[in-house]
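Enquirer: Sending over a structure as structure tokens; questions will come in a sec.
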Amino acid sequence: MTAIALLAMFMTLGAIWFSQMTTDNDNTDLTIAKTRAQIYANAGVYIRLADLHAAVERGAVESIQFDEILLKLPVYDHGVASGEPSWKLRYRSLTTVTVTDENARININHAPPKVLRRLLNVDGNTARAIRASLPVPGADGSAGKRWLTSVDELVTRGFMTPKKMNAINPNLVTVYTVSDASNPNQFINVNTASPPVLQAVLDLRPQQATRVIEARPFYTTAELVEATGKETALFNTRPPDSTNDGLPPELTFKSSCFRIVAVSELQHIIPGIKPVTEGRARTEAVIQFDADSRPHIQYWSEAPER
């Protein structure tokens, strides 16, 4: 009886150990799959970054493809067969990459109160309080003030409620388009900005913004003035000198900052049946090109997806 009891105990312990090992192996396989998916999401970002870099260097920013692109990338496993190393195609990665124009958004770190008021749908006191909490480029009295590092800081700093923040279209605002905060310029592209951005920046009615969009692209200030029907001194972003009819320093006719989002799905290829998805991951980056066409990463985020 003692022997039988001991045998039963050891069998139970063995079953528990086997179950634990199986679970550990499954978790390890899942971790590996997620890691591979993340690697291929990163690869998607770098592939599109190379395309952007080439377009910026050629001076052909307008040729950039902003549509969603699907990359089908092979994933090889290293193994040993018959004593010899071999590579087997057991997986594939489907990576969807999207590029958007970051200069089509309003940079809330450098927007005047009138623009903040219209775009964030806040009152004048709140808009002025946001502006007053931020440093002023080239001016004294900025001690204790700091730039917003994310749009969500409008909530954490108490300027907006989460409910009001959720009502804002995230594609309209950014904090990443200015690489040199001491000299912010040319960070809103009127050739790609959406109607709400044009209305806020140029102080336009919806019908006027529609006419401006229909008249794009613009290459000169005179063309923009003709399309809006008003001088630049009447925009919500104005030239430094009210007598100057040049383009306000915030505005530009070409883009230099882009957001790349890559979502990768790792599929296990099993002969005879439908591929099985084993891991998903997402990488998001904001890239700023300087005057010499060199890319600089302003933002980078990696995360597995369920």
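Since every read-out is calculated from the coordinates, none of them should be taken as a lab result. Remember, it's a predicted structure, so these values are computed and weren't measured experimentally. In this analysis, Cβ positions are derived from the backbone assuming ideal geometry, glycine residues included, and neighbour counts consider all displayed protein chains.
Enquirer: Any of Lys114/Lys164; Lys114/Lys230; Lys72/Lys254; Lys72/Lys274; Lys164/Lys230 with alpha carbons more than 23 Å apart? Name them for me.
Expert: Lys72/Lys254; Lys164/Lys230
Enquirer: If packing is taken as the average number of other Cβ atoms within 10 Å across a peptide's residues, how do 246-258, 212-224 rank, most packed first?
Expert: 246-258, 212-224
Enquirer: Spin-label point model (7 Å from Cα, Cβ direction): what's the Glu226 to Ile270 distance in nm?
Expert: With each label placed 7 Å out from Cα toward Cβ, I get 6.5 nm.
Enquirer: Looking at the calculated P(r) for segment 136-261, what percent of the C-alpha pair distances fall above 26 Å? Walk me through the numbers before you get to the answer.
Expert: Numbers: 2367 of 7875 pairs.
Of all Cα-Cα pairs in segment 136-261, 30 percent lie more than 26 Å apart.
Enquirer: Starting from 0.36 nm per residue, how many nanometres of slack lie between Asn125 and Thr98 once their C-alpha separation is accounted for?
Expert: Values: separation 27, 0.36 × 27 = 9.72 nm, distance 3.73 nm.
Full extension of this stretch gives 6.0 nm more.
Enquirer: Also: Give me the three principal axis extents of segment 211-306 from the C-alpha atoms, as integers in angstrom, largest value leading.
Expert: 72, 29, 24
Enquirer: I'd like to compare 193-202, 162-171, 176-185: which one has the highest average count of other Cβ atoms within 10 Å, and what's the full order after that?
Expert: Ranking the peptides 193-202, 162-171, 176-185 by packing returns 193-202, 176-185, 162-171.
Enquirer: If each residue of separation counts as 0.36 nm, what is the full-extension length gain between His296 and Ile32 once their alpha-carbon separation is subtracted?
Expert: That pair, His296 and Ile32, stretches by 92.1 nm at full extension.
Enquirer: Let me ask you something else. Using only alpha carbon pairs under 8 Å that are at least six residues apart, calculate the relative contact order of segment 138-242 and give it in whole percent.
Expert: 18
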